[in-house]
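Following: one structure in structure tokens, then a few remarks.
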Amino acid sequence: MTVADAELLVEVAGAVATVVIHNPARRNAMTAGMWRRLPELLDGLEGDPAVRALVLTGAEGTFCAGADLGDLDDLFDGGDLTLAVAAEERLAAFAKPTVAAVRGACVGGGCQLAVACDLRVAAADARFGVPPARLGLVYPAPTTRRLARLVGPAAAKHLLFTAELIDTERALRIGLVDEVLPPDRLAARVDELTAAVAARSQLSVAAAKEIVDGRADEARIAWWHGQVRASGEAREGVAAVRERRPPRFGWTPG
């Protein structure tokens, strides 16, 4: 495969799509072009009925060292209305479960993308940091709020005030990551996790994501319960338990 030095690579294997941040010469820093490209890729993958989960990771042992500072004007002159925020918001709104598989550096824009995923699974050698205070930048408000919701105000302030890198032990303790694995186990665990998600009722998964993310009002929640009755998913799930067989869930987004 021949690719540009800085590109987002996509692979779909079965029900799982993997997006790889590929800019190894700059520790997988995200260029302006990569930030622009991510929402387009996500639109296509969200519309693919075969895709039930998405993995975001980095090439060659590094997740993402942040935004490419060579694109400083493109990335930071817009305040909260930046390319990076648009990409982050699109990733957070992706209708299917997303998993960040993190190795090595996950800093700045890389941490921003990881936090926008539903789950974060890290190799033990990963390191996390939020460096705007080193650069004299104001972290975008949507990004700051998302980080604070995930790890809590005190931990978010520590990351933002100090710009220190933290290891996976601390990241796990504050809730920045969900699991920490030996580096040689990370890929297998991500495969296990996404396989489990893909095998579950996609009705249950999609509804849970909307509700947890606060995007479902009372009318939408009632609609989801109506889908349970109309789809037969619950009847199939109960029958599978009674018959001691894997369920054959058939619901797909309309």
Note the angle between two axes, namely the Cα long axis of helix 32-46 and the longest principal axis of the Cα atoms of the chain, as a number of degrees from 0 to 90, rounded to the nearest 10.
0 degrees
If amide H atoms are modeled at 1.01 Å from N in the peptide plane, then the residues at a separation of 5 or more from Leu181, or on another chain, having amide H under 5 Å from its own are Ala122, Ala123, Ala124
quick note, the chain, DSSP beta bridge pairs, % antiparallel (nearest 5) is 30 percent
Relative contact order of the stretch 123-254: what whole-number percent is it, with Cα pairs under 8 angstrom and at least 6 residues apart?
22 percent
Taking a probe of 1.4 angstrom, what is the accessible area of Lys157 in Å², to the nearest 10?
110 Å²
In square angstrom, rounded to the nearest 10, how much accessible surface does Ile221 have for a 1.4 Å probe?
40 Å²
Non-local residues with an amide H under 5 Å from the amide H of Thr31, with H modelled 1.01 Å from N and Pro and chain starts lacking one, are Asp68
³J(HN,Hα) computed for each position of the stretch 142-155 - Karplus, 6.51 cos²θ - 1.76 cosθ + 1.60, integer Hz, glycine/proline x:
x, 5, 4, 5, 5, 4, 5, 5, 6, 10, x, x, 5, 5
Considering only the stretch 38-173, what is the antiparallel percent among its DSSP beta bridges, to the nearest 5?
15 percent
Loop-located GluC sites (Glu not before Pro) in the stretch 145-222, at most 16 other Cβ atoms within 10 Å (DSSP)
Glu164
³J(HN,Hα) across the stretch 195-201 via Karplus (A = 6.51, B = -1.76, C = 1.60, θ = phi - 60°), whole Hz, x for Gly/Pro?
5, 5, 4, 5, 7, 7, 4
Quick one: angle between helix 83-92 and the longest Cα principal axis of the chain, in degrees between 0 and 90, rounded to 10, please.
20 degrees
Using +1 at the C-beta of Lys and Arg and -1 at the C-beta of Asp and Glu, which of Ala86, Ala155, Thr57 has the Cα lying farthest in the positive direction of the dipole of the chain?
Ala155
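The values are calculated or read from the model by the stated rules, or taken from the named source; none is laboratory data. A quick note: this is a predicted structure, and the numbers were derived from the prediction, not measured. In this analysis, Cβ positions are derived from the backbone assuming ideal geometry, glycine residues included, and neighbour counts consider all displayed protein chains. Heavy atoms of the whole protein, side chains included, go into the accessibility calculation; ligands, DNA and RNA do not. Shrake-Rupley method; radii C 1.70, N 1.55, O 1.52, S 1.80 Å.
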